[in-house]
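What follows draws every value from the coordinates through simple rules; no lab data is involved. Just so it is clear, the model here is predicted, and its values are computed rather than measured.
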Amino acid sequence: MFFKPYGFLGNRMMDRSFAVGITAAKIQRIPDCRLFKKLFLNVHFNLISIIKSCYFSSMHLILQTPRLYLRRFTLADAASIYQLNSKPEVLQYLHELLVKDEAHAGEVLTNIILPQYENNLGRWAAHLKDTDEFIGWCGLKYRPEIDETDIGYRFMPQHWGKGYATEAAKYTLEYGLKTLGLTTITGRAHVENTASLKVLEKIGMQYIKDEVVDNCPVKTFIINARRWRK
Ligand SMILES: CC(C)(COP(=O)(O)OP(=O)(O)OC[C@H]1O[C@@H](n2cnc3c(N)ncnc32)[C@H](O)[C@@H]1OP(=O)(O)O)[C@@H](O)C(=O)NCCC(=O)NCCS
């Protein structure tokens with residue numbers, strides 16, 4: 001069917017069309033109106049496909065994983081960025097200031113997050129497929145000062161420890177190396193950021209060195225397209 005790539009939205013849309021669904025089920029049981037039944041079901045399912053297509057064409061979808069979908073942020077995401085970047089535990093190991101309100105989050109979007117999309121890279125909003133809940137971000141960022149593309153991720157504390165970072169990062173690496181054709185991706189985490197270091201290891205990145213970046217002691221990992229294919 002033409003909406004197949006967006007099949008993961010099925011449950012949600014089926015919920016929305018629950019009332020219509022009940023009517024469809026009732027009509028199924030009427031024996032003498034087969035043609036009407038067929039017509040009704042056709043209209044019903046076509047309507048669902050159209051709604052699904054509209055929903056996804058209104059967002060810039062980047063990739064999906066078994067449990068998540070990743071899309072580009074827009075200026076309408078200030079509340080989500082505020083939720084995430086105003087939590088001290090989220091920024092504990094990062095060289096960044098806490099976001100103080102939604103206006104400040106809007107500046108982060110305008111000045112930091114959205115300009116990265118010019119290179120087809122960037123940090124992408126991660127949502128749960130089941131509920132559409134925003135749970136954090138994952139993505140690739142080009143750093144011109146060192147000519148490197150690095151992987152980054154950040155999730156809401158209530159969703160830590162569920163494997164989401166590993167899942168999102170794994171598919172992000174694949175997207176970067178396969179779809180975008182990057183030859184190398186770098187990853188860095190503070191030496192005490194055990195969870196992040198574990199994610200880098202679990203997605204197959206190779207530790208290369210300890211260094212100091214932005215006054216922070218970090219461990220640096222790397223993966224290249226050849227190693228990733230193995
Ligand atoms: C780092 C971060 C993204 C990890 O997210 P997550 O969704 O909890 O990660 P996962 O569930 O995929 O877990 C990855 C591994 O780390 C382990 N882990 C998670 N939290 C941990 C902790 N506090 N201490 C030790 N290990 C931890 C998990 O058990 C898992 O390993 P396992 O599969 O062997 O059990 C999350 O903690 C976060 O958003 N931190 C704040 C932002 C940040 O530091 N980003 C990284 C910047 S480099």
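Strictly over 24 Å apart at the Cα level, which of Lys100/Lys198; Lys100/Lys162; Lys178/Lys202; Lys129/Lys219 would you flag in this model?
Values: Lys100/Lys198 30 Å; Lys100/Lys162 28 Å; Lys178/Lys202 19 Å; Lys129/Lys219 32 Å.
From Lys100/Lys198; Lys100/Lys162; Lys178/Lys202; Lys129/Lys219, over 24 Å: Lys100/Lys198; Lys100/Lys162; Lys129/Lys219.
Please work out whether the stretch 61-229 counts as rounded, prolate or oblate from its C-alpha gyration tensor, where a ≥ b ≥ c are the square roots of the eigenvalues and a/c under 1.5 means rounded, while otherwise a/b larger than b/c means prolate and anything else oblate?
Cα axes put the stretch 61-229 in the rounded bin.
If you project the alpha carbons of the stretch 80-121 onto the principal axes, what extent comes out on each, in Å, largest first?
For the stretch 80-121, the Cα spread along each principal axis is 30, 23, 14 Å.
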